[in-house]
1. Please go through the range 193-218 and pick out each residue that is within 16 Å of the ligand (Cβ to nearest atom) and either β-branched (Val, Ile, Thr) or open to solvent by 20 Å² or more (accessible area, probe 1.4 Å) (or both).
2. Name the single residue that is farthest from Lys117 (Cα to Cα) among those in the range 329-347 being away from the ligand (no atom under 12 Å from the Cβ), outside any loop (DSSP other than H, G, I, E, B) and at pLDDT 90 or above.
3. So which residues in the range 325-341 are open to solvent by 10 Å² or more (accessible area, probe 1.4 Å) and more than 18 Å from Tyr273 (Cα to Cα)?
4. Filter the range 357-379 down to the residues that are part of a loop (DSSP other than H, G, I, E, B) and over 27 Å from Ile104 (Cβ atoms), then identify the one that is farthest from the ligand (Cβ to nearest atom).
5. Is there any pair linking a residue in the range 52-67 that is assigned to a helix (DSSP H, G or I) to one that is among the charged types (D, E, K, R), with Cβ under 7 Å and at least six apart or on different chains, and which?
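The values are calculated or read from the model by the stated rules, or taken from the named source; none is laboratory data. Remember, predicted model here, so these are calculated numbers, not experimental data. Cβ coordinates were reconstructed from backbone atoms using ideal geometry, including for glycine residues, and neighbour counts include every protein chain displayed. All accessible areas refer to the heavy atoms of the entire protein, side chains included, with ligands and DNA or RNA removed. Shrake-Rupley method; radii C 1.70, N 1.55, O 1.52, S 1.80 Å.
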Amino acid sequence: MKFGTKAIHAGQHPDPSTGAIMTPIYQTSTFAQESPGKHKGYEYARTQNPTRSALEANLAALENAAYGRCFSSGMGATDAILKMFNPGDEIVSTNDLYGGTYRIFTKIYERYGLKFKFVDMKDLEAVKGAISPQTKLVWVETPTNPMMNIVDIEAIVQISKAANALTVVDNTFASPYLQNPIDLGADIVMHSVTKYIAGHSDVVMGFVGTSSKEIDDQIGFIQNSSGAIPGPQDSFLVLRGIKTLHVRMDRHCDNGEKVARFLKDHPKVEKVYWPGFEDHPNHEVAKKQMKRFGGMLSFILKDDNQEAAFKVLEQLRVFTLAESLGGVESLAGHPASMTHASIPKEQRLEAGLTDSLIRLSVGIEDSDDLIEDLKQAIG
Ligand code: P1T
């Protein structure tokens, strides 16, 4: 089945008791048993809930993964993956990634004995050099947040396989419509479902998918034991949002390209980070592993200081200044002071994340209005 058909149908069946087309919101914490252990497949809603199960099956299908588990946030999903590892294990990660991911690595799991190394994953030799006998996982985020770097998933998988390490890809910026890491050899795919998948800025949720039964058993055990599960109402909202994922993504991509090209030609803009440009350092890799280039981009002004960036952000009228991304409405953010504030300044600057960088999540409004808004705000 193709993507659009799976988005609408995978994991979903008319409700057997009423024929309802939409998966019901099973707002219940527990399920009746005929005799101890004899039940209809559901015992307690932390372990399984039918609304959540339908969503998990749907998302697994969209990622071409055999198994999927949903969590109460993207960070909950990341947390569950990290809990698979033991003190002394090493994780090699991209040096340019969501600030919250960096924070859970360094402020929480380092205290529990996991070791993290951060490398520029455009440089495959640097990745090889960072791997040691203790490396158990390679953490890829691509496109990266917020520098829009592209990491070659197949090349990284080769390196981690040779070292007997697992590869996980945070696929949040691409969405399953644009990129499927499991097809490229990754062991685990994760998402902040909050973003493109839910798509309407009304839910916080995470997802972990894999085609390995062994990994899924571990993730399922952690999901049930630690308990960071989403409720049935949120699961319903995401199932509803997913039905238009492919349609929304094509418009995000169309608008993203128009805005990127407009900014590139703007006399007050110094540089635009968007993987669709032919001179983007990993444009060829993006073309190889992504269907299109997405609706996320970042840019810096010629007047390269925080005040100039703040002025633009304060003057936007259609774009809303806010954290998050991937919703139908356009958002603008200042990563250095917002989403990536937990990364030390020197480290941020090393990855190119300057104080003047503005990140845009280009929504699906009429592109003329988005461009007019940027025109008046940049001046
Ligand atoms: O916010 P949450 O659903 O917990 O997801 C965390 C997360 C994980 N991975 C990536 C690539 C992300 O961008 C995020 C969350 N990011 C934002 C809130 C943001 O504005 O960048």
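1. Val193, Thr194, Lys195, Ile197, His200, Ser201, Asp202, Val203, Val204, Val208
2. Among those that are away from the ligand (no atom under 12 Å from the Cβ), outside any loop (DSSP other than H, G, I, E, B) and at pLDDT 90 or above, it is Lys345.
3. Selection gives Val328, Glu329, Ser337, Met338, Ala341.
4. Result: Gly379.
5. That search, which allows pairs on different chains as well, returns Glu56/Arg69; Ala61/Lys6; Leu62/Lys6.
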